[in-house]
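Visitor: Before anything else, here's the structure in question.
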Amino acid sequence: MSADQLFDALWSELPPASASKIVQGCVVRLRKVLGRGAIQTSPHGYTLRLPTEDVDSLRFEDQVGRVRELLTLGEADRAAYLLTDALALWRGAAFVDLESWEPAVAAGTRLSELRLEAEELRIDALRRAGRYREVLSEAQVLVRAASLREYRWVLLARTGKLIRDRDLLDDDVLALAYVNGDRDLLMGTTLGQTIVVDAETLRPRGEPFDIATHKLVPIGDGSTAMVQEESADVTSLHWRVIDVSTGEVLSEGDLAMRPTASVSSPDGSTVAVAGDTGDLTTIDVSTGDERRSTSLGAKVLWLDYSDDGELLVSGADDGGVSLWDATTLDLLGTVYPPHLGDPVPAAAQFIGDSHDVAIASYDGKVYQWDTDVDRAMDFACQMAGRDLTKKEWDEFLPAQPYRSVCPGG
């Protein structure tokens, strides 16, 4: 890299007068750490020379390349192991300290894309190695984390096809989830049946239930589940809460929405369902009583309960992440991660047993939303980079009185 490139990376268009001396001093200190031969000086600038195994990004790329060769040779187990090791090298987004320098942004984007490909390759390697239990759970996680990547849906579909090809089912799998403490899998098929299979052997446990299932939600400890059957025009659904062991219908009802995400409360008393118009509905699984929110105006793709069941968080296809009171479905606030160009979906979920929310953005960055009311307003300033307008405030923090949230605002 030339000195001018280093100046641009460090200070953009405004390098200090002492920029050359600062860079030279940094190079001296780096040589003390990396070894004198690690950084070479030439009339054109500086060159970093380190073995591949000493640079995480180079090691990662090298291992992904080796994995492709292993898969070609049919060594799926070794490929899966190597990919697990390669993915463990990641510790956040690439070049996060150089996010305003275009060459680093381009390199980071390329590495982030390769990381997504590596995640998918790992699932494919596990599938080829016959490690079905890991495939079933991790393929669903990948789809949820990046639902716009078609190949992730292909991997999930292949999981269902794998089960069918082993002569366990006569038709394709539409929905599947772990139940009964992860000992079994509950599946809905295109034949309009619901089947319970052993999660280890994939052998059916008894006869299928004559219940159509397009989507399903395990409830509580997984001894019951909500199965959802969409209408022919996909504008509404009929839901049933069933006993997983017997297929007995414990409660049922109809919902006038097209479901896009569903989740059970931690205590198993309620199922929250989100639709493509951005509204949420909670259903009491015992009584069938419903409560409905106002609409966000954007399709909800992610939905999660806090561990104590007090809050819900949703992620929509316009990039908005919203916090809800799980009992009243009052909207407590909405934030939008930074983005370039058109908004893109952001995945969201609660962190451990806290009320803080992790937001995975399109660029591989993960933001932490501290949802404490007093600190949420500081977060709004951080996300927007300025004071919110009155209109934005009413949208993002409707339950709070309008005021300046940025220092000096």
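The values are calculated or read from the model by the stated rules, or taken from the named source; none is laboratory data. Please read these numbers as outputs of a predicted model, since none were measured by experiment. Because the Cβ atoms are built from the backbone with ideal geometry, glycine has one as well, and the counts that use them run over all protein chains shown. Side chains included, ligands, DNA and RNA excluded: accessible areas come from the protein's heavy atoms. Shrake-Rupley method; radii C 1.70, N 1.55, O 1.52, S 1.80 Å.
Visitor: Given the peptides 237-244, 226-233, arrange them by the average over their residues of other C-beta atoms within 10 Å, most packed first.
Guide: Sorting 237-244, 226-233 by mean packing, highest first, produces 237-244, 226-233.
Visitor: Each label point is 7 Å from the Cα along the Cα-to-Cβ direction; what then is the distance between the points at Glu252 and Arg203, in nm?
Guide: 3.1
Visitor: Now, a different point. For Ile219, list long-range residues whose amide hydrogen, built 1.01 Å from N in the peptide plane, is under 5 Å from its own amide hydrogen.
Guide: Placed amide hydrogens put Thr224, Ala225, Met226 under 5 Å from Ile219.
Visitor: Using a Förster radius of 45 Å, what is the FRET efficiency between Ser12 and Glu310 based on their Cβ-Cβ separation? Nearest 0.05, please.
Guide: Efficiency at R0 = 45 Å is approximately 0.55.
Visitor: Moving on. Where a ≥ b ≥ c are the square roots of the eigenvalues of the C-alpha gyration tensor, would you call region 1-44 rounded, which needs a/c under 1.5, or, failing that, prolate if a/b is larger than b/c, or oblate? Kindly include the intermediate steps, with their values, before the conclusion.
Guide: Numbers: a/c = 2.44, a/b = 1.76, b/c = 1.39.
Here region 1-44 falls in the prolate category.
Visitor: Oh, and also: Let me make sure I get this right: for region 234-273, a, b and c are the square roots of the gyration tensor eigenvalues over alpha carbons, sorted descending. Under 1.5 in a/c it's rounded, otherwise prolate if a/b > b/c, else oblate. Which is it?
Guide: Oblate, since a/c reaches 1.5 and b/c is not below a/b.
Visitor: Further question: Can you tell me what the convex hull of the Cα atoms of region 258-333 projects to on average, as an area in nm²? Before the final figure, lay out the partial values.
Guide: On the way: hull surface 17.2 nm².
That works out to 4.3 nm², a quarter of the Cα hull's surface.
Visitor: Where only protein heavy atoms count, and the probe is 1.4 Å, what is the accessible area per residue for region 1-105 in Å²?
Guide: 68
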